[in-house]
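The values are calculated or read from the model by the stated rules, or taken from the named source; none is laboratory data. Worth saying up front: this structure is predicted, and the values here are computed from it rather than measured. Cβ coordinates were reconstructed from backbone atoms using ideal geometry, including for glycine residues, and neighbour counts include every protein chain displayed. Remember, those area values only see protein heavy atoms, side chains included, never the ligands or the DNA or RNA. Shrake-Rupley method; radii C 1.70, N 1.55, O 1.52, S 1.80 Å.
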Amino acid sequence: MNGARVEFRGLRRRFGSTVALDGLDLTVEPGELLALLGPSGCGKTTALRCLAGFEQPDEGEILVDGADITRVPANRRDAGMVFQSYSLFPNLNARDNVGFGLRVRKVPAAKRHARAQELLELVGLPSVGDRYPHQLSGGQQQRVALARALALEPRVLLLDEPLSALDAKVRVTLREEIRRLQLSLGITTIFVTHDQEEALSMADRVAVLRAGRLEQVADPATLYDRPATPFVAEFVGAMNHLPGVLSGDRVTVLGQTLPVEGQPPASAEADVLVRPEAVLVTPDAEGGGIVMVSSFRGSTTRLRIRLGDGTEVLADVPGHDSARFAPGTAVRVGLVERPVLVSARTETGATPAVPEPDVV
Amino acid sequence: MPLLAFVVIVFGVPMLVLLGGTFTKEGTFSTANLTESLQGAYLTALIGSVKISALVAVLGGVLGTILAQAVVTSRFRALREAVLTASGVLANFGGVPLAFAWIATLGNSGVVTTTLGLGEHGWSLYNFWGLTLVYLYFSIPLQVLTVVPALDGLRPQWREAAQNNGASTWQFWRYVGVPVLTPALLGGVVLLFGGAFAAYATAQAMVGSTVPLVTLKIADALSGNVLIGHENVALALSLDMIVIAGLVMAVYLPLQRRSARWLR
Amino acid sequence: MASLTPQVTTQVSPGTAPRRGGRPRRPRVWRGVVLVLAAVYFLVPLIASFVFTVKVPDGGFSLDAYGQIFAAEGFGTSLLLSLGLGIATIVLVLLLTLPAAVAVRLGAPRLRPVLEVVCTLPLVVPPITFVAGISMVLRWGPDYLASTPFYQTIISLQNPDFPVVLVLAYVVLALPFVYRSLDAGLGAIDVRTLSEAARNLGASWPHVLLRVIIPNMRSAMASASFLTLALVLGEFTIARLLSFQTFPVWIYTISGSQAQVSVAVSVFSLLITWLLLLALSSAGARQRSGS
């Protein structure tokens, strides 16, 4: 099977007073895995359901390989879907669940069973064919659901937060497996998630949605290193907002002067956005900073540091250094020398998506 | 446990006596009572009971399911709450008051009968069909109560997953919807059968003995309206009833278990 | 001032985007028809009963029938008898069932199927066959036990002023409903954790039962009690065949002579039952929203 190109053009959808999609434009390249990432209510699931045919957009169109499928009924679309949970038919065993689409197409039983077995083997469950959904674990159920979605050899695979109901450990294994399968089948895949780690680790490209609009679509590294907007910067990974003073294309922050990434805002006073791992910490009795909280995370330790002027900074240091930065340690804080993203001071306060419990 | 002891004495002893009495005639072991209970007027009553119960169960099952589906697919939450509460009340509305309410409505001098002049068209409430109409009054709500949770348990994902696999609406209902609902629907029908089968008060207050029903026969026999030496026929009839009700319940329990597993 | 944002930001929007209802709605005529027919079928008898009771032969309106209820002979005694039976039944059935249900959850889960079967049996056995058995026991008992103390017991069971035998029978009839309601209540509060926590804090078993479990079971016990009361107030079969004048039997008896009054009493007793059940369901709803 080969992947199709999927295009969303000016998609709009509102539910009563809620606007779920507000003019979404997005192209998914053949064979790629695109993650739709965003907070709940941002419209990512609605976009997926429009593509599957369970929702009709109020405006705009959806193209698959150049053909407009906006008005095609859901049962004639060439897209397999895996739902969040509990989507297996409870009255059918795993084999018949996988073979359901073939049964609908009147494929003879023998052929259907052979094909279902093949698919169950593909998802790593060769021996569960006779079991019913209630006899399967959550992870197994989702694997069977994946096999069912692939049974009709669709050219687009839709995954609607398929891992969100699973345990952390199963989640990681299954997402690696989905990725492996997707690469070997070369099927165009759209993966909806609110988990940034999931999106960054699996996808070829990540599209960040906010209030029904596309904020940025880029490969994971670019998204993380060069977020196009402050919203993306804060939604993906943790971010420090540090007060800085602009002069031309450079900004002075924490006593250092760094080049500005992208277009600087007009005002001189601005927030400088810095990732915790770009903050350098060294023990220094005269450094002016004090470690308030230290939380060990294995490979890294995240420190919350209070500076002399009351500013708080998050910093990541290697995990084995955690002993050197016990709470109460006096430290010096510096920033890695490289271009930084700057946003106007007012904008962060107006960003509704980000709770700001730590404003000092 | 005291509970078990209590049940054994209060429930077990009468049942044993019932069993013993059934097989005793003039002091010796005999199956004559049982044979007699399956003959003549008694057999007619037994068949009458089964017939009306089956009819009520099937009609109530179908009508109750339709009503439940109408309520479940409705957008108005208040309507749903109102129907469910009313069903809870009406399903418990049996016995003498129910009979009198219907007599006042459609009896010979009932309000609706006299207003519409139904009497002149040969209408009578006191027959098989009248009794069916009245039994449905508590059976339909009971079916609504049994089926609504099952209809609620039909997840929208199943319909969507079916569509996604290319199934039409009809194919969804045929391969998934109906099979998933069947245990709950049948379970409800079985309950209705049991309820109608055991009903006595309504029938006694309404039709007396014009419709042959096994409960009425047993009551008659117990009140001494039988020939000397035939008292134990009532016990044999009771045993017949228990066997039928037991068979019906034996169908119900596995169905209910399966439904609960599917629709959890 | 600077601000720091936590790693995973979640938006708390005033309700996530609704997912259903994408397609244009088909007109649902059938639903309206079904609902109207149902309303007619279920409401007409209620309205007609009321009209029947207030109708005067010359076409006027009168509430006399309701006034006559209280004057009718036997009204007070039979109603009091039924209420008394109801209360006795509730006390006895709760005393028997609650410890059993708790014990099955905590100590002896293996006995659970046994208890479930025991509590389902009364559903299988129609009341009329149950009463057939009882009446045989009562009839034969005196013959076999005449010389033993049990004779006195059998006689006192049938005291017409307060027939204990009815209480015993009603306990059996109520058992399935009470057990289910209590079992559901116990399931909702996680008795095991609660009682372990209480034991851990030094409470004795009776203390656990009285001070921890019962207070948390209040709504389940209330609903079990209401159901039992409704059952006893409406029970006709057993009382009639054992010849006791309970409330439903009394209604039936007067129907021969005073049709209008008997329908009035029916409407009246219906209202009582409904108020009980409505109180029950709204209490249940409050409990759900409260927890």
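Worth a mention:
- Cβ-Cβ FRET estimate between residue C:207 and residue C:40, R0 fixed at 60 Å, reported to 0.05: 0.60
- Estimated FRET transfer efficiency when R0 is 22 angstrom, pair residue A:332-residue A:247 (beta carbons, to 0.05): 0.35
- Separation of the range A:318-334 from the range A:115-166 is 46 Å, based on Cα centroids.
- Positive-end residue, the range C:95-229 charge dipole about Cα centroid, Cβ charges, pick of C:209, C:177, C:194: C:194
- Where chymotrypsin sites (Phe, Trp or Tyr not before Pro) fall in DSSP loop in the range B:1-76, at most 14 other Cβ within 10 Å: B:76
- Equivalent ellipsoid, the range C:153-239 (semi-axes from 5 times Cα gyration tensor eigenvalues, Å): 34, 16, 9
- Given charges at beta-carbon only (K, R positive; D, E negative), |dipole| of the range A:20-89 in Debye: 380 debye
- Placing pseudo-labels 7 Å out from each Cα toward the beta carbon at residue C:51 and residue C:184 gives an inter-label distance of 3.7 nm.
- Taking every DSSP beta bridge that has both ends in the protein assembly as shown, the antiparallel portion is near 75%.
- Applying D = kT/(6 pi eta Rh) to the range A:270-309, where Rh is the Kirkwood radius over alpha-carbon pairs, T corresponds to 25 °C and eta to 0.890 mPa s, the Stokes-Einstein value obtained is 211 µm²/s.
- Cα long-axis angle, helix A:109-122 against chain A (0 to 90 degrees, to the nearest 10): 20 degrees
- Of the residues making up the range C:66-105, those losing 20 Å² or more of accessible area when the isolated chain is joined by the remaining protein chains, with a 1.4 Å probe, are C:96, C:100.
- Estimated inter-spin distance, residue C:200 and residue B:257, nm [label 7 Å along Cα→Cβ]: 3.5 nm
- Within the same chain, lysines fewer than 8 places from residue B:25 are excluded, and of the rest, those with a Cα less than 24 Å from its Cα are B:217.
- In terms of its Cα atoms, the range C:95-229 spans 56, 30, 30 Å along the principal axes, sorted from long to short.
- Summed buried accessible surface, chains C and B, 1.4 Å probe, nearest 100 Å²: 5700 Å²
- Note on the protein assembly as shown: dipole from Cβ charges, positive end direction compared against A:152, C:124, B:38; the farthest Cα belongs to B:38.
- Rg and Dmax over the alpha-carbon atoms of the range B:1-113 stand at 22.2, 66 Å.
- A loss of 20 Å² or more of accessible area (1.4 Å probe, protein heavy atoms, ligands and nucleic acids excluded) relative to the isolated chain is seen in these residues of the range A:131-156: A:134, A:148, A:152.
- Shape of the range A:201-310, Cα gyration tensor, a/c cut at 1.5: oblate
- Contact order, relative form, for the range C:95-229: 30 percent (alpha carbon pairs under 8 Å, 6 or more residues apart, mean separation divided by residue count).
- When the alpha-carbon atoms of the range A:120-230 are used, the pair Rg, Dmax equals 15.5, 51 angstrom.
- Base-10 log of normalised Debye intensity for the protein assembly as shown (one unit scatterer per alpha-carbon) at q = 0.06, 0.07 Å⁻¹: -0.61, -0.78
- Within chain B, helix-based [θ] at 222 nm, where runs of 4 or more DSSP H residues each add -39,500 (n - 2.57), nearest 500: -24000 deg cm²/dmol
- Of all aspartates and glutamates in the structure, those lying under 20 Å Cα to Cα from residue A:111, and not within fewer than 8 positions of it along the same chain, are A:96, A:121, A:130, A:153.
- Relative to one another, the C-alpha centroids of the range C:63-78 and the range B:147-170 are positioned 55 Å apart.
- Restricting the calculation to Cα atoms, chain A shows an Rg/Rh of 1.06 when the hydrodynamic-style radius is the Kirkwood one.
- FRET E, pair residue B:170, residue A:137, Förster distance 41 Å, beta-carbon r, rounded to 0.05: 0.80
- The stretch between residue A:70 and residue A:197 holds 42.6 nm of extra length on full extension. This uses 0.36 nm per residue minus the Cα-Cα distance.
- Annotation: aspartates and glutamates with alpha-carbon distance below 18 angstrom to residue A:169 (same-chain offsets under eight excluded): A:161, A:177, A:195, A:197, A:198.
- A simple count of charges around residue A:188, restricted to other residues whose Cβ falls under 9 Å of its Cβ and scoring Lys, Arg +1 and Asp, Glu -1, yields 0.
- Buried accessible area, chains A and B (both chains, 1.4 Å probe, Å² to nearest 100): 2200 Å²
- Residues with amide H under 5 Å from that of residue A:300, placed H, sequence gap 5 or more: A:319
- The residue list B:65, B:165, B:98 was ranked by how far each Cα lies along the charge dipole of chain B toward its positive end, using unit charges on Cβ atoms, and B:165 comes out on top.
- For the range B:41-262, the convex hull drawn through the C-alpha positions has a volume of 148 cubic angstrom per residue.
- Sparse packing (at most 16 other Cβ atoms within 10 Å of the Cβ) combined with a DSSP loop state is found for the following trypsin sites (Lys or Arg not before Pro) in the range A:5-87: A:71.
- Debye, to nearest 20: dipole size of the protein assembly as shown, +1 on Lys, Arg Cβ, -1 on Asp, Glu Cβ: 1500 debye
- Look at the alpha carbon pairs under 8 Å that are at least 6 residues apart: their mean separation over the length of chain B gives a relative contact order of 32 percent.
- Relative contact order, percent, the range A:243-292 [alpha-carbon distance under 8 Å, six or more residues apart]: 31 percent
- Two-decimal log10 I(q)/I(0) for the range A:17-135, as the Debye equation yields it once each C-alpha is a single scatterer, q = 0.09, 0.13, 0.14, 0.17 Å⁻¹: -0.35, -0.70, -0.79, -1.02
- The range A:273-350: equivalent-ellipsoid semi-axes (sqrt of 5 x gyration tensor eigenvalues, Cα, Å): 22, 15, 12
- Portion, in percent, of the accessible area of the protein assembly as shown that falls on carbon or sulfur, probe 1.4 Å: 61 percent
- Rounded accessible area per residue of the protein assembly as shown, 1.4 Å, Å²: 44 Å²
- Overall, the range B:41-262 carries a charge dipole of about 840 debye about its Cα centre when +1 sits on the Cβ of Lys and Arg and -1 on the Cβ of Asp and Glu, all other atoms neutral.
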